[in-house]
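Engineer: Below is the structure I would like to discuss, written out as structure tokens.
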Amino acid sequence: MSALGFGRRLAIAAGLLLGLGMGPCLSQAQAPAPQPVIRVAIEGAYPPFNFIDPNNELQGFEVDLLKSLCQVMKAQCELVQREWDGLVRGLLDRDYDAIMSSVEITERRRKRIAFSDPYYRVPAIFIGSKETAPGEVSPVALAGRTIGTTDRSDHETYLREFYKDSHIEVYAKADEANLDLLVGRLDAVFGDKRLLTRFLESREGSCCHVLGDTPKEPAYRHQSYGIGLRKEDEALRERFNRAIAEVQANGTYDGIRAKYFSFDIK
């Protein structure tokens, strides 16, 4: 066979191999298209959930948790620092894809945006003087007692609905209620466990201790916080939900939480 005929046959064979997808590696190893970056807005002014450190970088519980969620999703995420006012408007205007900045899940907000499953909840507790032993904090046990709480809060609503035989005093700020507890004007204060724990750990708070968590009955509706998303981004919401469930199941969540809080907030 002439060299010309052999070369022609080789060319035909190579063409057949290419048609069968057996050509050079370059045609096989097409790199997958990169997924779009998920841009997440965080305020950076609500420690320890989110804050800006001396290096002007976002830090905090939500920042650490978001990084873990993105790792589970195998997603590239970009943090966007944004002032609280206008957070939801920026989401709807597509300035970013999600909000993870301690946005409470409320019916009013649900009318505008969607939420992931809650990634933290704030429990409530009763605190009182160390002269009062911890124990039962049911409506029956605290009948006739004076309980302080913050005005126009979920805590006030709960007390007024279920602790009808107690005297309820309301305050503009939790610190004001704590001060009245300190000087003996109140028998107990009911409120956000995070804030009240901070008071108990202070010098002034050495007067007092936890009387008890909210009773199982009547149940207290914990304030719940989720990732805010546009309603049409259902696929992204499901990705976040799966990631939240995974980090809670594998212990990652508790490891992050322990850096910032001494109690469970799941």
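Engineer: If you put +1 on each Lys and Arg Cβ and -1 on each Asp and Glu Cβ, how big is the dipole of the chain around its Cα centre, in Debye rounded to 20? Please report the intermediate quantities before stating the final value.
Structural biologist: Details: 35 positive and 38 negative charges, 266 e Å.
Charge dipole of the chain: 1280 debye, to the nearest 20.
Engineer: Based on DSSP H runs of at least 4 residues, each adding -39500 (n - 2.57), what is the mean residue ellipticity at 222 nm of the chain after dividing by all its residues, to the nearest 500 deg cm²/dmol? Present the calculation step by step, with values, prior to reporting the outcome.
Structural biologist: Working: 10 runs with 95 residues, N = 266.
Mean residue ellipticity, 222 nm, calculated: -10500 deg cm²/dmol.
Engineer: Using 15 Å as the cut-off for backbone N distance, which residues of segment 105-138 belong to the label zone defined by a point 7 Å from the Cα of Thr157 along Cα→Cβ?
Structural biologist: Residues 105-111, 122, 124 qualify, since their backbone N sits under 15 Å from the label point.
Engineer: Give me the one-decimal nm value for the distance between modelled label points at Gln76 and Thr106, 7 Å along each residue's Cα-to-Cβ direction.
Structural biologist: 3.7 nm
Engineer: Another question, if that's okay. Using the Karplus curve 6.51 cos²θ - 1.76 cosθ + 1.60 with θ = phi - 60°, what ³J(HN,Hα) values do you get for each residue of segment 167-173, in whole Hz, with x for Gly and Pro?
Structural biologist: Each residue of segment 167-173 in turn: 8, 9, 10, 10, 9, 5, 9 Hz.
Engineer: Quick one: of the DSSP bridges fully inside the chain, what percent are antiparallel, nearest 5? Show your work: numbers first, answer last.
Structural biologist: On the way: 21 of 35 bridges.
DSSP beta bridges in the chain are roughly 60 percent antiparallel.
Engineer: Sort His222, His209, His155, His167 by accessible area with a 1.4 Å probe, largest first. Write down the numbers at each step before the final one.
Structural biologist: Details: His222 65, His209 45, His155 15, His167 100 Å².
The residues order as His167, His222, His209, His155, largest area first.
Engineer: Moving on to the next point. I'd like the FRET efficiency for Ala258 and Arg203, computed as 1/(1 + (r/R0)^6) with the beta carbon distance as r and R0 of 35 Å, rounded to 0.05.
Structural biologist: Numbers: r = 25 Å, r/R0 = 0.71.
The formula returns an efficiency of 0.90 here.
Engineer: Using the per-residue mean of other Cβ atoms lying within 10 Å as a proxy for protection, in what order, highest first, do the peptides 198-207, 138-147 fall?
Structural biologist: Values: 198-207: 13.6, 138-147: 15.8.
Listed from highest to lowest mean packing, they are 138-147, 198-207.
Engineer: Just to be sure I understand the rule: take each whole DSSP H helix in the chain, project its Cα atoms onto its long axis, keep it if the span is 20 Å or more and its mean Kyte-Doolittle hydropathy is at least -1.0. Which ones pass?
Structural biologist: Working: long enough: 3-19 (24 Å, 1.35); 234-249 (23 Å, -0.53).
Helices meeting the criterion: 3-19, 234-249.
Engineer: Return one whole number: the accessible area per residue of the chain in Å², for a 1.4 Å probe. Intermediate values should be presented prior to the final figure.
Structural biologist: Numbers: 15180 Å² over 266 residues.
Accessible surface, normalised per residue, equals 57 Å².
Engineer: Another question, then. Please report, as a whole percent, how much of the solvent-accessible surface of the chain comes from carbon and sulfur atoms (probe radius 1.4 Å).
Structural biologist: Working: 7920 of 15180 Å².
Carbon-and-sulfur percentage of accessible area, whole number: 52.
Engineer: Check which residues have an amide H placed less than 5 Å from Thr150's amide H, if you skip close sequence neighbours.
Structural biologist: Close amide H contacts, sequence-distant or interchain: Glu156, Tyr171.
The values are calculated or read from the model by the stated rules, or taken from the named source; none is laboratory data. Only a predicted model underlies this, so the values are computations on that prediction, with no experimental measurement involved. Note that each Cβ is placed from the backbone with ideal geometry, even for glycine, and that neighbours are counted across all protein chains shown. Heads up: the accessible areas ignore ligands, DNA and RNA and are worked out on the full protein's heavy atoms, side chains in. Shrake-Rupley method; radii C 1.70, N 1.55, O 1.52, S 1.80 Å.
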